[in-house]
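**Q** Before I ask anything, let me first share the structure, which is written out below as structure tokens.
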């Protein structure tokens, strides 16, 4: 599967995992990330826009970490571990390596 398809899935997986911990606030924080558009929260659809989608994922991880600390970074990484395992190293956003 190519990264253009996987990166939106990674974003959704991160948001949903954060939602299990902090509730609807996870979606509110995701909306603050430049380049990430929530298409349909209920169905879990997002669009990555404005440049490098890996950078948008990095910003999403940073947004949660800025608000909730280092533990949220580990939650993000753990949530997508199976998805990034199938990607080449250059396709993986730096925040998830």
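No lab work stands behind these numbers, since they all come straight from the coordinates. All values reported here derive from a predicted model rather than from experimental measurement.
**Q** At a temperature of 10 °C and a viscosity of 1.306 mPa s, determine how fast the stretch 20-68 diffuses translationally according to Stokes-Einstein, using the Kirkwood radius over alpha-carbon pairs as Rh; express D in µm²/s, rounded to the nearest whole number.
**A** Reported coefficient: 143 µm²/s.
**Q** Given 4 °C and 1.567 mPa s, compute D for the chain with the Stokes-Einstein relation, Rh being the Kirkwood radius over Cα pairs; round to the nearest whole µm²/s.
**A** Translational diffusion coefficient: 99 µm²/s.
**Q** Please work out the C-alpha center-to-center distance from the stretch 4-26 to the stretch 45-85 and express it in whole Å.
**A** One Cα centre to the other: 8 Å.
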